[in-house]
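The block underneath contains the structure these notes are about, expressed in C-alpha coordinates.
The values are calculated or read from the model by the stated rules, or taken from the named source; none is laboratory data. Predicted, not measured: the structure shown is a model, and the values here were computed from it. Cβ atoms come from the backbone with ideal geometry, glycine included; neighbour counts cover every protein chain shown.
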Amino acid sequence: MKSIQLLCFLSLLVLLFNTKPLQGAEPEAVVDKQGNPLQPGEGYYVFPLWADNGGITLSPTRNRTCPLDVIRNPAALGSPVYFYAPGLDYIPTQTDLTIEIPILGSPCKEPKIWKLSKEGAGFWFVSTGGAAGNLVNKFKIERLEGEHAYEIYSFKFCPSVPGVLCAPVGTFEDSDGTKVMAVGDGIDEPYYVRFQKVSTFAQDLSSV
(Lines give C-alpha, C1' and ligand atoms only; values in the text may rest on other atoms or scores of the structure.)
Protein backbone atom coordinates (compact mmCIF):
# COMPACT_ATOMS: atom_id res chain seq x y z
CA MET A 1 0.00 0.00 0.00
CA LYS A 2 2.82 2.38 0.91
CA SER A 3 4.58 1.62 -2.38
CA ILE A 4 1.41 2.54 -4.30
CA GLN A 5 1.09 5.82 -2.38
CA LEU A 6 4.75 6.61 -3.04
CA LEU A 7 4.30 5.88 -6.75
CA CYS A 8 1.26 8.18 -6.90
CA PHE A 9 3.19 10.93 -5.08
CA LEU A 10 6.14 10.65 -7.48
CA SER A 11 3.80 10.70 -10.47
CA LEU A 12 2.18 13.87 -9.13
CA LEU A 13 5.58 15.54 -8.75
CA VAL A 14 6.51 14.65 -12.33
CA LEU A 15 3.20 16.09 -13.54
CA LEU A 16 3.66 19.32 -11.61
CA PHE A 17 7.20 19.93 -12.81
CA ASN A 18 6.35 19.20 -16.45
CA THR A 19 3.14 21.18 -16.67
CA LYS A 20 3.51 24.70 -18.03
CA PRO A 21 1.07 27.39 -16.94
CA LEU A 22 -1.50 28.41 -19.54
CA GLN A 23 -0.36 31.47 -21.45
CA GLY A 24 -2.76 34.20 -22.47
CA ALA A 25 -3.54 34.39 -26.17
CA GLU A 26 -1.21 36.67 -28.08
CA PRO A 27 -2.80 39.84 -29.47
CA GLU A 28 -3.97 39.64 -33.06
CA ALA A 29 -1.48 41.00 -35.58
CA VAL A 30 -2.31 44.08 -37.63
CA VAL A 31 -1.91 43.18 -41.32
CA ASP A 32 -1.30 45.27 -44.40
CA LYS A 33 -3.22 45.14 -47.69
CA GLN A 34 -1.19 42.10 -48.72
CA GLY A 35 -2.16 40.25 -45.54
CA ASN A 36 1.31 40.48 -43.98
CA PRO A 37 1.77 41.46 -40.31
CA LEU A 38 3.02 45.00 -39.71
CA GLN A 39 6.64 45.03 -38.53
CA PRO A 40 8.17 47.46 -36.01
CA GLY A 41 10.53 49.95 -37.60
CA GLU A 42 9.15 49.49 -41.13
CA GLY A 43 7.48 52.37 -42.95
CA TYR A 44 3.82 52.10 -43.96
CA TYR A 45 1.51 54.39 -45.86
CA VAL A 46 -1.80 54.81 -44.05
CA PHE A 47 -4.47 55.14 -46.71
CA PRO A 48 -8.16 55.85 -46.26
CA LEU A 49 -10.41 52.85 -46.74
CA TRP A 50 -11.62 53.92 -50.18
CA ALA A 51 -8.39 54.97 -51.95
CA ASP A 52 -4.66 54.45 -52.47
CA ASN A 53 -4.00 58.13 -51.91
CA GLY A 54 -4.85 60.76 -49.33
CA GLY A 55 -2.49 59.34 -46.76
CA ILE A 56 -1.51 60.61 -43.33
CA THR A 57 1.29 63.14 -42.98
CA LEU A 58 2.36 66.10 -40.80
CA SER A 59 1.60 69.77 -41.28
CA PRO A 60 1.45 73.06 -39.36
CA THR A 61 -2.14 73.86 -38.38
CA ARG A 62 -4.04 76.03 -35.88
CA ASN A 63 -2.21 79.18 -37.04
CA ARG A 64 1.14 77.99 -35.71
CA THR A 65 4.29 76.50 -37.15
CA CYS A 66 5.34 73.98 -34.49
CA PRO A 67 4.74 71.36 -33.35
CA LEU A 68 3.34 69.69 -36.45
CA ASP A 69 -0.09 68.06 -36.33
CA VAL A 70 -1.15 64.76 -37.91
CA ILE A 71 -3.37 65.39 -40.93
CA ARG A 72 -4.91 63.58 -43.87
CA ASN A 73 -3.95 65.10 -47.20
CA PRO A 74 -6.52 64.01 -49.83
CA ALA A 75 -4.27 65.21 -52.66
CA ALA A 76 -1.05 63.44 -51.67
CA LEU A 77 0.42 60.03 -51.01
CA GLY A 78 1.20 60.80 -47.39
CA SER A 79 4.33 60.09 -45.37
CA PRO A 80 5.68 56.75 -44.14
CA VAL A 81 4.37 55.97 -40.66
CA TYR A 82 6.34 53.81 -38.20
CA PHE A 83 4.91 51.74 -35.36
CA TYR A 84 6.60 50.34 -32.25
CA ALA A 85 5.31 47.84 -29.68
CA PRO A 86 7.73 47.34 -26.76
CA GLY A 87 8.86 43.75 -26.39
CA LEU A 88 7.13 42.49 -29.55
CA ASP A 89 8.46 41.75 -33.03
CA TYR A 90 5.15 42.53 -34.71
CA ILE A 91 2.45 45.20 -34.39
CA PRO A 92 -0.65 43.91 -32.55
CA THR A 93 -4.17 45.22 -32.22
CA GLN A 94 -5.51 46.52 -28.91
CA THR A 95 -2.01 47.20 -27.58
CA ASP A 96 -0.31 50.46 -26.55
CA LEU A 97 1.84 51.64 -29.45
CA THR A 98 4.31 54.41 -30.14
CA ILE A 99 3.63 55.93 -33.59
CA GLU A 100 6.07 58.15 -35.46
CA ILE A 101 6.22 60.05 -38.77
CA PRO A 102 9.92 61.02 -39.04
CA ILE A 103 9.77 63.76 -41.67
CA LEU A 104 13.25 64.97 -42.61
CA GLY A 105 14.09 68.62 -43.04
CA SER A 106 11.27 69.88 -40.83
CA PRO A 107 11.88 73.24 -39.10
CA CYS A 108 10.21 71.80 -36.00
CA LYS A 109 12.71 70.18 -33.64
CA GLU A 110 10.18 68.24 -31.55
CA PRO A 111 10.17 64.43 -31.92
CA LYS A 112 7.70 63.35 -34.60
CA ILE A 113 6.03 60.91 -32.20
CA TRP A 114 2.25 61.15 -31.98
CA LYS A 115 0.72 62.67 -28.87
CA LEU A 116 -2.59 64.21 -27.84
CA SER A 117 -2.59 68.00 -27.73
CA LYS A 118 -5.50 69.56 -25.84
CA GLU A 119 -7.30 72.23 -27.86
CA GLY A 120 -10.29 72.94 -25.64
CA ALA A 121 -12.77 71.34 -23.28
CA GLY A 122 -13.26 67.76 -24.40
CA PHE A 123 -11.23 68.09 -27.61
CA TRP A 124 -7.69 67.09 -28.59
CA PHE A 125 -5.68 67.18 -31.79
CA VAL A 126 -3.29 64.37 -32.67
CA SER A 127 -0.03 66.29 -32.74
CA THR A 128 3.68 65.54 -32.38
CA GLY A 129 6.36 66.13 -29.78
CA GLY A 130 5.75 63.01 -27.76
CA ALA A 131 8.25 60.77 -26.00
CA ALA A 132 8.06 56.99 -25.94
CA GLY A 133 6.35 55.72 -22.80
CA ASN A 134 4.36 58.84 -21.92
CA LEU A 135 0.64 58.37 -21.38
CA VAL A 136 -0.40 60.93 -24.01
CA ASN A 137 1.59 59.04 -26.68
CA LYS A 138 -0.14 55.68 -26.34
CA PHE A 139 -2.37 54.91 -29.28
CA LYS A 140 -3.93 51.63 -30.34
CA ILE A 141 -4.98 50.07 -33.63
CA GLU A 142 -8.39 48.42 -33.68
CA ARG A 143 -9.69 46.09 -36.40
CA LEU A 144 -13.14 46.68 -37.82
CA GLU A 145 -15.40 43.80 -36.82
CA GLY A 146 -16.96 41.77 -39.60
CA GLU A 147 -16.35 38.86 -41.92
CA HIS A 148 -15.01 41.04 -44.75
CA ALA A 149 -13.11 43.56 -42.64
CA TYR A 150 -9.83 41.68 -42.22
CA GLU A 151 -7.55 44.51 -43.40
CA ILE A 152 -9.64 47.49 -42.23
CA TYR A 153 -8.52 49.32 -39.10
CA SER A 154 -8.90 52.51 -37.11
CA PHE A 155 -6.81 54.32 -34.51
CA LYS A 156 -7.94 55.10 -31.01
CA PHE A 157 -6.47 56.78 -27.99
CA CYS A 158 -7.08 54.34 -25.18
CA PRO A 159 -4.06 53.72 -22.91
CA SER A 160 -4.16 50.54 -20.87
CA VAL A 161 -4.65 52.54 -17.68
CA PRO A 162 -7.94 52.65 -15.73
CA GLY A 163 -9.86 55.91 -15.73
CA VAL A 164 -8.11 57.44 -18.74
CA LEU A 165 -9.80 58.81 -21.86
CA CYS A 166 -10.69 56.09 -24.38
CA ALA A 167 -11.99 57.40 -27.71
CA PRO A 168 -11.65 56.87 -31.48
CA VAL A 169 -9.36 58.96 -33.64
CA GLY A 170 -11.28 60.66 -36.43
CA THR A 171 -10.86 63.69 -38.66
CA PHE A 172 -11.75 67.30 -37.96
CA GLU A 173 -11.90 69.93 -40.70
CA ASP A 174 -9.99 73.01 -39.59
CA SER A 175 -10.99 76.57 -40.51
CA ASP A 176 -8.77 76.45 -43.60
CA GLY A 177 -10.12 73.07 -44.73
CA THR A 178 -7.26 70.95 -43.39
CA LYS A 179 -8.40 67.52 -42.21
CA VAL A 180 -6.67 67.13 -38.86
CA MET A 181 -6.67 63.87 -36.90
CA ALA A 182 -8.47 64.49 -33.62
CA VAL A 183 -10.17 62.97 -30.58
CA GLY A 184 -13.12 64.25 -28.58
CA ASP A 185 -16.47 65.97 -28.89
CA GLY A 186 -17.85 65.81 -32.42
CA ILE A 187 -15.52 62.96 -33.41
CA ASP A 188 -18.06 60.16 -33.31
CA GLU A 189 -16.85 58.03 -36.21
CA PRO A 190 -13.39 56.43 -36.38
CA TYR A 191 -11.27 57.15 -39.44
CA TYR A 192 -10.98 53.75 -41.14
CA VAL A 193 -7.69 52.95 -42.85
CA ARG A 194 -5.60 50.31 -44.56
CA PHE A 195 -1.84 49.90 -44.39
CA GLN A 196 0.54 49.61 -47.35
CA LYS A 197 4.21 48.81 -46.78
CA VAL A 198 6.33 51.49 -48.44
CA SER A 199 8.64 49.00 -50.17
CA THR A 200 5.78 46.97 -51.64
CA PHE A 201 4.01 50.12 -52.83
CA ALA A 202 7.13 51.10 -54.75
CA GLN A 203 7.27 47.60 -56.26
CA ASP A 204 3.63 47.84 -57.32
CA LEU A 205 4.33 51.14 -59.09
CA SER A 206 7.39 49.75 -60.89
CA SER A 207 5.37 46.80 -62.21
CA VAL A 208 2.69 49.02 -63.80
Quick one: in segment 41-72, of everything that is without any contact (Cβ under 8 Å) to a residue 60 or more places away in the chain and buried (at least 16 other Cβ atoms within 10 Å of the Cβ), which residue is farthest from I91 (Cα to Cα)?
P60
Tell me which strands (runs of 3 or more DSSP E) are completely within segment 130-200 and hold 1 or more residues being more than 23 Å from T61 (Cβ to Cβ) and of a type outside the set (F, W, Y), or say none if there are none.
139-143, 193-197
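Tell me which residues, restricted to segment 104-117, are within 22 Å of F201 (Cβ to Cβ), at pLDDT 90 or above and not in a strand (DSSP E or B). Break it down stepwise before answering.
Our first condition is that a residue be within 22 Å of F201 (Cβ to Cβ); within segment 104-117, this holds for 104-105, 112, 114.
If we keep only those that are at pLDDT 90 or above too, we end up with 112, 114.
Residue satisfying the conditions is K112 alone.
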Is it true that Y150 is within 26 Å of A29 (Cβ to Cβ), hydroxyl-bearing (S, T, Y) and at pLDDT below 85?
yes
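Return the total of residues in segment 127-138 being of a type outside the set (K, R), surrounded by 17 or more Cβ atoms within 10 Å (Cβ to Cβ) and over 20 Å from T178 (Cβ atoms). Walk me through how you get there before you give the answer.
Step one: list which residues in segment 127-138 are of a type outside the set (K, R), which gives 127-137.
The next check asks that each one be surrounded by 17 or more Cβ atoms within 10 Å (Cβ to Cβ); those that pass are 127-130, 136-137.
Within this subset, residues satisfying the condition of being over 20 Å from T178 (Cβ atoms) are 130, 136-137.
So the count comes out to 3.
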Can you tell which of F139, F195, F201, F155 is modelled with pLDDT under 90 and in contact with a Phe, Trp or Tyr (Cβ under 7 Å, 6 or more places away or on another chain)?
F201
Suppose we filter segment 96-126 for residues that are crowded, with 21+ Cβ neighbours inside 10 Å, touching a Ser or Thr at 6+ places or on another chain (Cβ under 8 Å) and in contact (Cβ under 8 Å) with a residue 40 or more places away in the chain; how many remain?
7
The strands (runs of 3 or more DSSP E) lying wholly within segment 1-88 that contain at least 3 residues that are modelled with pLDDT of 80 or more and under 15 Å from the mean Cα position of the chain (by Cα) are 44-48, 82-84
